[in-house]
Every structure is written in structure tokens, then in C-alpha cells.
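Enquirer: I have a structure I would like to understand better, so I am pasting it below and will then ask my questions one at a time.
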Amino acid sequence: MRFLAGLTLMLILSFCRDTKATVVLQYHHISESTPRVTSTSPELFKRHMNYLKTHGFRVLAMAELIKLLNQKKTLPDKSVVITFDDGYLSIYENALPLLKQYDFPFTVFVNTKAVSENSKQFMSWRHLKELTRNKGTIANHSVSHAYLIRKGSGESESEWEKRVSQEISVAQAEIVSRLGKSVKAFAYPYGEFNLALKNILDSMGYIAFGQQSGAVSVDVDHQAIPRFPFGGSYGELKDFAVKVNSLPLPIASVTLLDEKDNRLIDHVLPSKVKRPKLVIKLKKSHLKKNSHNAELNNERPQDTKRRNADLKDQDMQNINLQCFSNGLAQGWLTQTNGELIYQSKVDLKYGRNRYNCTAKNRKNNRFFWFSQPWVRVAD
């Protein structure tokens, strides 16, 4: 697996209360005759579902996840949410029979224009109605699956906001009209979002899902919920097992900087910013120092003094946190005042990029995971 090679900083990460997590799975096609990069074969999908069943995972319906997040309740450990994007016909033909066999709830995010146009590669409203009778939830993926963060030529901010709001509200109304119900959950087309789009969805009462990888904690950003995408070279059973057992990296704060250390308000970058910096501060309430390492651990009364102290540079020298830019391992720039600063050593490509950071919990072999998306746009 690509993320297992990398840096040599040492950290023993132990299981702690607020690292219980839900993992959201993302699929597109369940087929062997569709584009490989977004396809999972029916046989491999069956192996994924069987793994969940035989290893005692709890599969949550979307409404249950929304309720837990809104009530700020601790998420059940070893739980997953199964999602599909775009509403392809192969979901109905190849995934639905297996989901019914395992009695798993699931969610399909649909772009309503494609459904209404009766394209052969997409499900119809009749297909979607049948999914809802079999523990399926149909949710919002916009009307047209447009690049929502990108303004049209000459489009003003207010015009963009109106257009994007209509993409969301019209799709939601169509789903409710056709199927009788839905949930306030949205999947960003192409996984692209920015602060302005998040604010629109927040004001409309939605939780929203990206395509950056990672597990979901109780304090997740409700408009930037991570999912693990499967398809192409991602999703072999060993890779799947690592991801569904992953935990959220316990991060106190994230700061985004450009090459000159100017703060960025968004991860959508102007073209002149080619190698942005990611500044991570771990939750000090879970770092425990001893003579050999720093350790994430359960809180105990005798740790009070340590929890209230600032993390020192020497603590950070013992962190085995591996970070990757678009699959390539890179090094930390600095570790100072309890912060880890990471920067790609090569220019990010135009379009979507990620910095993925993982650290292994040596006591149970589960991985703590964090992914920072970037979108670099041309002028």
C-alpha cells in the first residue's frame, strides 16, 4: 500500500476515547466494464461487504449518522456508512443484490438531471424508488454535477451563490417530489468545495461529504466529512481492511499557509501558490511523554499536569507520522511549539491534490488518518 512507506519520526498512538470513529465508504460503478479508475468489480465489492459482516462492523444508515453528528454523540467504533456517487445503473444491477443479502443500509448521491434524462448508464427514478424499499437512501449530488466552486465567465459572487444554491435546492426538491423523502446530506461533485460553498450548505442545513480520505470523529466539520474512495487501484481487500479500521488523527488545529507563510483562508489555491504548507497541532491532551517516546493515551488524573503543558519540540521529534503529497512521501519542514509543518517538495498539479498523513497505532495495528485537500486553479 502506497501510504506505508515514508517518514521515520516515531509516535506510539494508543486507543483513546475520542478516537472512536465511523468510516464512510465511497463507490461509483460496481462493474468490470466501466472506467477502471471509478470502478469496483462485483466480486471485490462482495468481498468488502463480507469483510464488514464477518468482522462485526455496524453499518449505519445516513439518517442515523446525521442524528449522531447533530447530537454530538460519540460515534460507534467499527461502524461504516456505505455511499455511492452519481447513481449508475451498475449499483442497481450488481450492488443492490449484495446489499439486500447482507441487509445493509446504504446511500446513493444522485445528480438529478442525469436520472431524469433516462441515460442508459444511470438508474431511473423507478430504480431509485426500489432502492428506497430496500434500505436505500437517495441523497443530493446537485442537478448537473457541475464544478460548483468554479465561477462562469463574468459571473459575480452573488450570481454564483444564486446558481449554486439552485443546483442544491432544485435537486433536493426533485428527489423529494419523485421519491417522497430524502435527507439533508450532500456529496460535492468531484469532491470539490471551498469555504463559500460550505457556508451555503451550512445555511441550508446540510451535512456534506468530500472525497478526501479519513475517518469521521464526533467533532468533524459537518460540511467537509471525509470518505474513502474505492475504485481502480484502491480497494483490494488488504487496503480496504486498513481503511475501514482507521481512526481520525487527534488534531487540535490545522493552519494553511502559502510558501511565504501567509495564512490561507481556504484550500482552493491561486495559481501562484504551488507548494502550500500544512501546519498540524496534535491534541496535547493525548500526548504523554516518557523517556523514549510520546504516546497518545487515555486521560488519567495523574496526566493533568502534562495535559496542560505546551508540547515541546523534543516531543515532536518522536512522531512517526507519515505524510504524502499525491502518493509521494515527503519530509516535515520543522517541528516547533508542538506544531508539525508539512510541505510538498514538488509543485502541486492544477486541479485536485491531497496531503495524506497517517500514523500507526502499534497496540492494535489501526491507522490514524488525516487528509488535507487542495485545489489549485489557473488564473
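Every number here is computed from the coordinates shown, using simple stated rules; none is lab data. These numbers were taken from a predicted model, which means no experiment stands behind them. Neighbour counts run over all protein chains shown; Cβ positions are idealised from the backbone, glycine included.
Enquirer: Once you've got the Cα coordinates, tell me which of K198/K272; K238/K345; K283/K360; K53/K135; K67/K281 are over 18 Å apart.
Expert: Checking Cα-Cα distances, K198/K272; K238/K345; K67/K281 exceed 18 Å.
Enquirer: So how do 161-168, 224-231 stack up, highest first, on mean other-Cβ count within 10 Å?
Expert: In decreasing order of mean packing, 161-168, 224-231 become 224-231, 161-168.
Enquirer: Just to be sure I understand: of the beta bridges DSSP finds with both ends in region 22-245, what percent are antiparallel, rounded to 5?
Expert: Counting only bridges with both partners in region 22-245, antiparallel ones make up about 10 percent.
Enquirer: Please state the charge dipole magnitude for region 22-245, taken about the Cα centre, from unit charges on C-beta atoms (+1 on K and R, -1 on D and E), reported in debye and rounded to the nearest 20.
Expert: The dipole of region 22-245 has a size of about 640 debye.
Enquirer: Now, a different point. Take the eigenvalues of the Cα gyration tensor for region 145-234, scale each by 5, and report the square roots as semi-axes in whole Å, largest first.
Expert: Over the Cα atoms of region 145-234, the ellipsoid semi-axes are 22, 18, 14 Å.
Enquirer: Please report the spacing between the Cα centers of region 76-92 and region 339-379 in Å, no decimals.
Expert: 24
Enquirer: To one decimal place, what orientation-averaged projected area in nm² is obtained for the convex hull of the Cα set of region 45-162?
Expert: 9.6
Enquirer: Any idea what diffusion coefficient region 22-245 gets from Stokes-Einstein, in µm²/s, Kirkwood Rh on alpha carbon pairs, 20 °C, 1.002 mPa s?
Expert: 122
Enquirer: Where does each of Y350, Y355 land when they are ranked from fewest to most other beta-carbon atoms within 10 angstrom?
Expert: Lowest to highest Cβ neighbour count: Y350, Y355.
Enquirer: When you count, for each residue, the other Cβ atoms within 10 Å and take the mean per peptide, how do 366-376, 140-150 rank with the highest first?
Expert: Descending packing order for the listed peptides: 366-376, 140-150.
Enquirer: Relative contact order for region 22-245 using alpha-carbon pairs under 8 Å, separation at least 6, rounded to a whole percent?
Expert: Worked out over region 22-245, it gives 25 percent.
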